[in-house]
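What follows is calculated from the coordinates using simple rules that are stated; it is not laboratory data. Remember, it's a predicted structure, so these values are computed and weren't measured experimentally. So basically every Cβ, Gly included, is an ideal-geometry build from the backbone, and we count neighbours across all protein chains shown.
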Amino acid sequence: MGYCRTGHVVVATRDDLVGQYVGHTAPKTKEMVKKAMGGILLVDEAYYLYNAANDRDYGQESIEILLNVMENNKEDIIVVLAGYKDKMDSFYSFIPGMNSRIGNHIEFPNYEVDELVEIGKVMCRELEYDMGPDAEAAMVAYMTKRMTMPFFSNARTVRNAIDLARMRAAIRVFNEKISPYSDGLVTETDLMTITGADFPSVAELEQSEREGTAIVA
C-alpha cells in the first residue's frame, strides 16, 4: 500500500528495549529502531515500558527515544504500541506527549466463541491432532465460560486451552491404555485425539475461579 518502504515488521517487548543497568537501554532501543527502519516496529505490551512505582526505571529512557523517533522519523517508520486497553489507557495518561504522537487508536473486539473454536481446530490440525466428536461441544462450553473470567486473551487463551487438553489427553491415554491396570494397546489415533473429557468442564473452571487455582488456561 506504500505506507512504508519495506513493510517488514519487527516485534519488540520491554526485554528487547530496556536494559538492566545505566547506559544499556539507549543502545538496545536504538538497535530495535534501526532494525525496523523502513517498516513497522510493534511494541507488544507497551505499558510495561513504564513503571509508575519507580521513577528511576530505565523504561522511561526507552520511551523518550521512541517519542523522538515518532516525531523525527515518522516518514520512515511506523510505531505500533499494543496491549490491553485498560493498561494502555493508563500508560497514555502517564506519558506526556504520547497521545499527540499516536495518530490512531484501534480497539480490537474479542473473537466470538465459534471463531475461537475454529482457531482451536486450526491449531489442532497444525499439531496433527484430531478433535473427537464431543470435543468441539466441550470446547464451546469451555470458551463460553472462559471469556467471562480474568486474563482472557483470545487466540493465546485458545492455544493454552489446546495445550492443556493435549496434556490431559496424554494422562487419560496413560491411565486407560498404559497403566498396569490397562490392556496396554495404544494406537496412533489414541495418542493424537482430543476428546471432550480433555477440556476442563465448566464446573472445574468455576471451582478454579473460586479457589484461585491454576487450572485456567
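So here's what we get for this one:
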| read-out | value |
| --- | --- |
| 0 to 90° range, to nearest 10: angle between helix 59-72 axis and the chain longest Cα axis | 60 |
| D (Stokes-Einstein, µm²/s), Kirkwood Cα radius, the stretch 1-61, 1.002 mPa s at 20 °C | 173 |
| Proximal charge balance of Y48 [Cβ under 13 Å; K/R count +1, D/E count -1] | -3 |
| Within a Gaussian network of the chain (alpha carbon springs, distance under 10 Å), most fluctuating of A12, A203, A155 | A203 |
| Normalised contact order of the chain, rounded percent, pairs of Cα under 8 Å and 6 or more residues apart | 16 |
| Quotient of C-alpha Rg and 2.2 N^0.38 Å, computed over the stretch 113-166 | 1.03 |
| Inter-label distance for A53 and K87, nm, one decimal - labels placed 7 Å from Cα along Cα-to-Cβ | 1.4 |
| Angle in degrees between helix 85-94 and the longest Cα principal axis of the chain, rounded to the nearest 10 | 20 |
| Antiparallel bridge percentage (DSSP; both residues within the chain; nearest 5) | 0 |
| Per-pair calculated FRET efficiency, R0 = 45 Å: Y3 and E204 via Cβ, rounded to 0.05 | 0.45 |
| As computed over the stretch 125-195, the Cα convex hull volume per residue (Å³) | 95 |
| Across K30/K121; K35/K121; K87/K121; K74/K121; K85/K145; K145/K177, pairs whose alpha-carbon gap is larger than 29 Å | K30/K121; K35/K121; K87/K121; K74/K121; K145/K177 |
| Sites E211 and D130 - FRET efficiency at Förster radius 35 Å, r taken between beta-carbons, to 0.05 | 0.60 |
| Computed over the stretch 77-158, the ratio Rg/Rh where both radii use C-alpha atoms and Rh is Kirkwood | 1.13 |
| For L42, distant residues with modelled amide H under 5 Å away | V10, V11, A12, V80 |
| For the stretch 5-16, Karplus couplings with θ = phi - 60° (6.51, -1.76, 1.60), whole Hz, Gly/Pro x | 5, 10, x, 6, 10, 10, 9, 9, 10, 3, 4, 7 |
| Principal-axis tilt of helix 113-126 within the chain, Cα atoms, nearest 10 degrees | 80 |
| Size of charge dipole - the chain - debye, nearest 20, with Cβ of Lys, Arg +1 and Asp, Glu -1, no other charges | 660 |
| Per principal axis, descending, Cα span of the stretch 9-101 in whole Å | 35, 29, 20 |
| Among T157, T187, T29, residue whose mean-square fluctuation peaks in a GNM of the chain (springs only between Cα atoms under 10 Å) | T187 |
